[in-house]
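Read the structure below first, then the notes.
The values are calculated or read from the model by the stated rules, or taken from the named source; none is laboratory data. Not measured: the values here are computed from a predicted model. Neighbour counts run over all protein chains shown; Cβ positions are idealised from the backbone, glycine included.
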Amino acid sequence: MRSIIIGTAGHIDHGKSSLVQALTGKDPDRLPEEKRRGITIDLGFADLDLGDARVGFVDVPGHERFVKNMLAGVHGIDAVALVIAADEGVMPQTREHFEICRLLNVQQGLVVLTKTDLVEAELLSLVRAEAEELVAGSFLEGAPIIPVSVRTRVGLDELRAALREIARVTPERSSDFVTRLPIDRAFTMKGFGVVVTGTLVAGEIAVGEEFELLPMSRRVRARGVQVHGALVSRAQSGQRTAVNLAGVEVGELERGMTLAPIARLLPTQIVDVQLNVLPTAPRAIRTRSRLRVHLGSAEVLARVRVLNSQGEVPPGRTGFAQLRFESPVVALHDERFIIRSYSPAETIAGGLVLDPQATKHRGREMAKTHERLLALLDSDRTHKLAVLVAAAGDQGLRPGEITARTGWNDEVVSRVAKEATATSPEVAAIRDAEGVLVSTETFERLSQIASDEVKRHHQREPLARGMARETLRERHFAHAAPEVFRSVINRLERDGVLVSEKDIVRAREHGQELSAADERLRDKIAQAYEVSALEAPTLDQALAAVGIPATQRTHARKILQLLLDNGTLVRVHGEMFFHSQAIEHLKGLLRAYASEHEPDRLIDVPGFKDLAGVSRKYAIPLLEYFDRERITVRAGDKRIILK
Ligand SMILES: Nc1nc2c(ncn2[C@@H]2O[C@H](COP(=O)(O)OP(=O)(O)OP(=O)(O)O)[C@@H](O)[C@H]2O)c(=O)[nH]1
Ligand SMILES: [Mg+2]
């Protein structure tokens, strides 16, 4: 069965609540003060069963002092019933509520002319003409205008038929988004505990599931769920929903919080938006203006920074701006909101969230920022994704970060990401770097930087095998996700630009070309170690033996490093090096010793000294080296020979 939410709208005393009561049999005014004063103060709710459709009414107050309460309820409605009393006609809050619906992009609705029992036919047709004029050119142009009276019950059948038709044509809510329930009421119920209510704008809430209350990030559990006053196992998007929560006290809750799945949505304090200032606004919205922003069921104060050179968006115009909230709030890309002036509180503009996790913009980046925000207005999701990813720079975006910005569920994120990266990497705007999305531009830039840096390193250190991976990462990828760094290196390897060896990267063609003189030097050093075998010389001794003057020691050390890199020499301890042949020979001796000492394969230090024919000075470092290499393992003051 279709289930839709209809909000009332209109001036104070025009008969909104009476109409809801006449249709549903339930008085939406529940507060004692409302009953006493005969006005609506806060949101009221009632359901109407139309057989093939269910309507959840959100009844709003018409009093100008309570527009903020109206805004907490109107954000999630499918359609509006704009109520105009036939004896008064269009009044200030008729216009204000109607403007709010337009700014929130409400798409469906009708006009109800109430209290027709109080007026003559002539006046009624005047009011009808007034209503037509009001809605001309809007989503309500051509919508039904239904005269009713709750006294005589004239027009109520027609109204029901019109509501049924609205339910029929209202599009299903998209299932592309993660669950989001902006809370409009929180209270305790005897025997139940804490209950929150709201319009479930996206996703589902099932009994027993865990959720998170934002912006405080508190984990709670849905103990029970109610829709249309009946217990259900699961509430679906588009339904007025009441959730009985475990894990939170009522005193910690307030209107404006959001119930969402755990760790999916993020509170924010800086958002980039498009503002749409009403032609009737008394003045422009200027940089530094302090404003009331109504987003979801929340009202939050914000400072604005207009993103144009004039620093203002005049009445009747649209413009880009950044809002800096005074307290954190949940905001998503494509979400609409209302702006009211700080004092007096009047509706002056509406807006659309473009980048919900924005950063402060520098003045000289204005043109780029403009271009980006303009692109975010585009309805194509792959395009939007490309823009969000580009804005994330070297860091790139993980799927979860995309959800936190757009509310898209995993399926949609992965589908859009696939579409955006599917085309050949040369033309796709974004690339998938081991699951992190990064713009192709960024990826290419980082690849270029990495290959240039490695080449520069070879120029600086022609004898070094390559550049330490970690140095490259720290120097140029400090802001990049680790996945992006790895992908860039992998890509350069695949393209045959770089070769990565353990913790070193080098240019593929870098072969450590040596001059003839250096080659001779290299061979001599190797020889010095080779002849000394296990009686390894100190570095100074070795270099002296080769006849290298002290002034060339630095150069000779680089040659020595080459011998270490290519495995000719082995560093056993500090500056103590051995020729690899000597080490291999010794390993052979150890193996033979072990097979003679089966099954325990034990050797002690004196035994080892004898076996190797070396003094204690070499024996200890050699044994420790074999321990590190897992050829031996310590067992008390002896060693077990492993292989
Ligand atoms: N004669 C007559 N009176 C009506 C009709 N509908 C409502 N009223 C009266 O108008 C007054 C205001 O009605 P409400 O339904 O409270 O008006 P409202 O629009 O909900 O007012 P707020 O919520 O305060 O903005 C009440 O005294 C109703 O009895 C009607 O069709 N005919
Ligand atoms: Mg009312």
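Assess whether Ala85 counts as being crowded, with 24+ Cβ neighbours inside 10 Å and within 10 Å of ligand 1 (Cβ to nearest atom). So Ala85 fits the description; yes.
Can you confirm whether Gly62 is within 16 Å of ligand 2 (Cβ to nearest atom) and modelled with pLDDT under 95? When the stated conditions are applied, Gly62 does not pass them. Out of curiosity, is Ile548 closer than 30 Å to Met467 by Cα, of a type in the set (Val, Ile, Thr) and surrounded by 14 or more Cβ atoms within 10 Å (Cβ to Cβ)? Judged against the criteria, Ile548 is a match. When each of Arg286, Arg240, Arg218 is tested for being touching a residue at least 40 places away in the same chain (Cβ under 8 Å) and charged (D, E, K, R), the lone residue that passes is Arg240. For region 8-15, the criterion of being more than 10 Å from ligand 1 (Cβ to nearest atom) and either surrounded by fewer than 20 Cβ atoms within 10 Å (Cβ to Cβ) or at pLDDT 95 or above (or both) is met by no residue. Candidates are the residues of region 1-42 that are basic (Lys, Arg) and touching a strand residue (DSSP E or B) at 6+ places or on another chain (Cβ under 9 Å); the one that is farthest from ligand 2 (Cβ to nearest atom) is Arg2. Identification of strands (runs of 3 or more DSSP E) wholly contained in region 301-371 with 1 or more residues that are exposed (fewer than 15 other Cβ atoms within 10 Å of the Cβ) yields 318-330.
The criterion of being in contact with a helix residue (DSSP H, G or I) (Cβ under 6 Å, 6 or more places away or on another chain) and of a type in the set (D, E, K, R) does not hold for Asp117. Set side by side, the residues Phe337, Phe325 differ, and just one is among the aromatic types (Phe, Trp, Tyr) and farther than 26 Å from Arg95 by Cβ, which is Phe325.
Take the conditions (1) within 26 Å of Ile504 (Cβ to Cβ); (2) surrounded by 14 or more Cβ atoms within 10 Å (Cβ to Cβ); (3) hydroxyl-bearing (Ser, Thr, Tyr); Thr554 misses just one of them, which is (2).
Does Gly256 meet the test of being over 18 Å from Arg324 (Cα atoms) and not charged (D, E, K, R)? Here the answer is no, as Gly256 does not meet what is asked.
A search for C-beta distances below 7 Å between a residue of region 391-419 that is on the phi > 0 side of the Ramachandran plot and any residue that is aromatic (Phe, Trp, Tyr) and modelled with pLDDT of 95 or more, counting only pairs 6+ apart in sequence or on different chains, returns Gly407/Phe177.
Exactly one residue among Asp52, Asp42 is more than 12 Å from ligand 1 (Cβ to nearest atom) and touching a residue at least 24 places away in the same chain (Cβ under 8 Å), and that residue is Asp52.
One line per residue, one yes/no per condition, for (1) more than 16 Å from Asn566 (Cα to Cα); (2) in contact (Cβ under 8 Å) with a residue 40 or more places away in the chain; (3) exposed (fewer than 15 other Cβ atoms within 10 Å of the Cβ):
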site: Arg494; (1), (2), (3): yes, no, yes
site: Val497; (1), (2), (3): yes, yes, no
site: Ser500; (1), (2), (3): no, no, no
site: Val505; (1), (2), (3): no, yes, no
site: His510; (1), (2), (3): no, yes, no
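Within region 43-59, being among the hydrophobic types (A, V, I, L, M, F, W, C) and within 15 Å of ligand 2 (Cβ to nearest atom) holds for Leu43, Phe45, Ala46, Phe57, Val58. Going through (1) surrounded by 15 or more Cβ atoms within 10 Å (Cβ to Cβ); (2) in contact (Cβ under 8 Å) with a residue 12 or more places away in the chain one by one, Gly567 falls short only on (1).
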